[in-house]
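Asker: Below are the structure tokens for one structure; questions will follow.
The values are calculated or read from the model by the stated rules, or taken from the named source; none is laboratory data. Being a predicted model, the structure only gives us computed values, none of them experimental. Heads up, the Cβs are rebuilt from the backbone with ideal geometry, glycines too, and the neighbour counts pull from every protein chain shown. What goes into the accessible areas is simple: the full protein's heavy atoms, side chains included, and nothing from ligands, DNA or RNA. Shrake-Rupley method; radii C 1.70, N 1.55, O 1.52, S 1.80 Å.
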Amino acid sequence: MAFSELMDRVGSKGPFQFLNTILLSLPILGLANHYLLQIFTATTPDHHCRPPPNASTGPWVLPKGLNGKAEKCLRFIDPPNATMPNDTQGATEPCLDGWAYDLSTADSIVTEWDLVCESRRLKEVAQSVFMAGTLIGGIVLGDLSDRFGRKPILTCSYLLLAASGSGAAFSPNVSIYMVFRFLCGWSISGIVLSTVILNVECLSIQMRAIMSTLTGYFYTCGQFILPGLAYAIPQWRWLQLTVSIPFFAFFLLSWWIPESVRWMVLSGKFSKALKILRQIAALNGKKEEGKKLSVEELKLIMQKEISLAKAKYSIVDLFRTPNMRRVTCCLSLAWFSTGFGYYSLAMGVEEFGVNLYILQLIFGGVDIPAKFITVLSINYLGRHVTQAGSLLLAGGSILAIIFVPSDLQTLRTVLAVFGKGCLSSSFSCLFLYTTELYPTVIRQTGMGISNLWTRAGSMSAPLVKITGELQPFIPSIIFGTVTLLGGSAAYFLPETLNRPLPETIQDMETWSWRAKKPKQEPEAEKASQRIPLQSCGPGLDPS
């Protein structure tokens with residue numbers, strides 16, 4: 001009997017599943033706030049050099065650049081004569097006395113720590129440091145969750161995010177701020193990792209796609225909350241604190257979330273696993289069925305999974321055979337390009353010259369139809385077409401922005417919103433597609449590698465934006481080209497629609513070659529398939 005059938009005995013579609021999904025999904029509302037927070041806490045307002053202390057009280061004249069606009073990083077050593085106030089020629093110097101900012105909208109880490117001119121790159125570095133935290137946290141916490149359990153990692157991650165997020169609000173300088181943001185990213189990896197596992201495990205096969213999509217919509221709703229908070233709280237420190245405090249409450253709520261039954265069984269904690277199963281059965285109205293279960297029966301039911309868990313597989317096994325190499329390389333490029341392109345658009349809202357708050361609402365809103373269309377597409381057109389098509393369309397839209405004049409901001413915005421929606425679809429498809437492609441015995445390792453690549457892409461995106469200092473179109477060329485490469489790689493992956501899940505690497509070697517034309521499996525065989533749990537990120541989207 002499969003683990004999924006064991007869950008069916010105690011109830012896999014009852015009140016417990018609903019309450020568990022809600023408890024796990026509520027914190028996801030706040031994850032979007034942290035992922036996209038620097039859109040509002042690191043805005044760069046108009047600025048110019050402060051005049052020296054001994055400057056005259058008259059109007060301060062600024063040198064002009066080749067584009068005819070006032071320089072933001074230079075000032076005249078000797079101001080022009082009063083008789084020639086429009087003279088823009090003369091020796092210049094850097095802003096030795098700091099900068100004056102337009103603070104009519106909000107303050108930010110840029111205005112507080114002068115992250116402009118020579119220090120402007122620190123703004124992008126800060127976001128990359130946050131993404132580096134999610135990358136390293138995913139690697140370390142994935143291993144710790146296998147050793148100590150999913151729930152302890154989830155609970156500690158809630159507390160760490162609350163503490164480090166609050167600490168960032170009180171940072172005295174940008175270096176300390178980056179340390180706290182790194183810890184925020186680290187803890188988010190633990191939350192995403194444990195949330196997906198604890199949510200999917202207790203659901204029936206038929207409910208997994210629906211409830212996973214529901215959890216993803218919580219992240220989407222979080223993207224609507226952030227602009228409202230940022231508009232109501234223009235001070236960046238208070239905004240940082242506001243999005244972090246709720247995780248203290250989520251830390252307390254996590255005590256009501258049960259530990260992973262599968263992990264407890266595979267760790268030899270049969271008595272505790274049996275106790276949780278009986279609690280689930282009682283809450284789902286199947287108390288008598290729960291009483292019938294025993295430790296001996298539990299060992300018998302999970303015998304195959306226990307034996308599989310004892311076998312040792314490593315990253316090397318992902319590249320040992322031809323088909324596994326192909327799948328691993330193509331999926332890695334697809335994951336990297338999705339994270340790379342997604343955060344290039346999501347964190348570039350400020351560049352489109354539209355109201356920041358309204359545009360962020362639109363960027364969040366596009367995920368709603370994108371996820372819905374993805375669900376339809378993967379079920380009717382298949383994973384292969386959906387994955388490749390979403391990345392190719394996203395790459396095309398990013399490259400198309402290059403050819404749209406800067407004064408046509410509406411068209412540029414439409415292309416960006418469309419591209420972001422396609423990349424959101426790519427994320428939704430990849431989570432399912434990757435799970436179905438990797439064999440059971442190495443699925444956890446495969447998902448871990450995929451998680452690493454998407455976080456590497458999201459970490460690289462802010463740094464690539466710095467190349468815009470050479471030519472404004474260079475970042476778009478890099479983002480668009482890499483995304484197109486990811487879509488092209490997806491065409492070399494086999495279709496998995498209506499296919500049984502591979503259990504071993506040998507299954508994958510014989511199965512993937514035949515997977516181009518999916519066949520309907522008998523109902524009895526499909527019922528016997530199960531999707532073991534996996535770690536994933538960013539996203540629940542990002543998401």
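Asker: Can you find, within segment 189-217, the residue that is modelled with the highest pLDDT among those that are hydroxyl-bearing (Ser, Thr, Tyr) and closer than 12 Å to residue 431 by Cβ?
Answerer: Ranking the candidates gives 215 first.
Asker: Being under 16 Å from residue 3 (Cα atoms) and in contact (Cβ under 8 Å) with a residue 60 or more places away in the chain: is that true of residue 305 here?
Answerer: Details: under 16 Å from residue 3 (Cα atoms): yes; in contact (Cβ under 8 Å) with a residue 60 or more places away in the chain: yes.
So residue 305 passes the test.
Asker: Using the structure shown, decide if residue 109 is out of contact with any Gly (no Cβ under 7 Å at 6 or more places or on another chain) and open to solvent by 50 Å² or more (accessible area, probe 1.4 Å).
Answerer: Answer is no for this residue.
Asker: Is it the case, given these coordinates, that residue 290 is of a type outside the set (Ser, Thr, Tyr), closer than 30 Å to residue 422 by Cα and assigned to a helix (DSSP H, G or I)?
Answerer: No.
Asker: Now for a separate question. Can you list the helices (runs of 4 or more DSSP H) found entirely within segment 426-543 that contain at least 3 residues being open to solvent by less than 10 Å² (accessible area, probe 1.4 Å) and at pLDDT 75 or above?
Answerer: Qualifying helices (runs of 4 or more DSSP H): 443-465, 474-490.
Asker: Any residue at all in segment 208-226 that's over 30 Å from residue 185 (Cα atoms) and either in contact with a strand residue (DSSP E or B) (Cβ under 7 Å, 6 or more places away or on another chain) or among the β-branched types (Val, Ile, Thr) (or both)?
Answerer: To start, the set of residues in segment 208-226 that are over 30 Å from residue 185 (Cα atoms) comprises none.
Checked against the condition, which is being over 30 Å from residue 185 (Cα atoms) and either in contact with a strand residue (DSSP E or B) (Cβ under 7 Å, 6 or more places away or on another chain) or among the β-branched types (Val, Ile, Thr) (or both), segment 208-226 yields no hits at all.
Asker: Need the failing condition index for residue 404 against (1) over 19 Å from residue 38 (Cβ atoms); (2) among the β-branched types (Val, Ile, Thr); (3) assigned to a helix (DSSP H, G or I), just the number.
Answerer: Going through (1) over 19 Å from residue 38 (Cβ atoms); (2) among the β-branched types (Val, Ile, Thr); (3) assigned to a helix (DSSP H, G or I) one by one, residue 404 breaks only (3).
Asker: Then there's this: Here is a list: 282, 273. Which entry is part of a helix (DSSP H, G or I) and surrounded by fewer than 20 Cβ atoms within 10 Å (Cβ to Cβ)? Explain how you work it out, then say what you get.
Answerer: Details: 273 fails: surrounded by fewer than 20 Cβ atoms within 10 Å (Cβ to Cβ).
Only one candidate qualifies: 282.
Asker: Just to be sure, is residue 382 within 19 Å of the chain's Cα centre (by Cα) and either open to solvent by less than 50 Å² (accessible area, probe 1.4 Å) or not assigned by the TED database to the domain that holds residue 5 (or both)?
Answerer: So residue 382 does not fit the description; no.
Asker: Quick check on my filter: what residues within segment 246-270 are part of a helix (DSSP H, G or I) and open to solvent by 40 Å² or more (accessible area, probe 1.4 Å)? If you could, list the steps in order and put the result at the bottom.
Answerer: Going through segment 246-270, the residues part of a helix (DSSP H, G or I) turn out to be 246-256, 261-266, 270.
Residues satisfying the conditions are 246, 248, 249, 251, 252, 253, 255, 256, 266.
Asker: May I pose another question? Would you please list the contacts, defined by Cβ atoms under 8 Å and residues six or more apart or on different chains, that run from a residue in segment 268-293 that is among the basic types (Lys, Arg) to a residue that is open to solvent by 50 Å² or more (accessible area, probe 1.4 Å) and not in a helix (DSSP H, G or I)?
Answerer: Listed by first residue and then by second, the contacts come to nothing, as the list is empty.
Asker: If you don't mind, another one. For segment 136-177, what are the residues that are at negative phi and in contact with an Asp or Glu (Cβ under 6 Å, 6 or more places away or on another chain)?
Answerer: Once the filter is applied, which keeps residues that are at negative phi and in contact with an Asp or Glu (Cβ under 6 Å, 6 or more places away or on another chain), segment 136-177 yields only 151.
Asker: Quick one: what pairs do we get from segment 206-220, first residue open to solvent by less than 60 Å² (accessible area, probe 1.4 Å), second modelled with pLDDT under 75 and of a type in the set (Gly, Ala, Ser), C-beta under 6 Å, 6+ apart or different chains?
Answerer: Listed by first residue and then by second, the contacts come to 219/543.
Asker: Which one is least open to solvent (accessible area, probe 1.4 Å) among residues in segment 124-139 that are over 18 Å from residue 160 (Cα atoms) and of a type in the set (A, V, I, L, M)?
Answerer: It comes out as 126.
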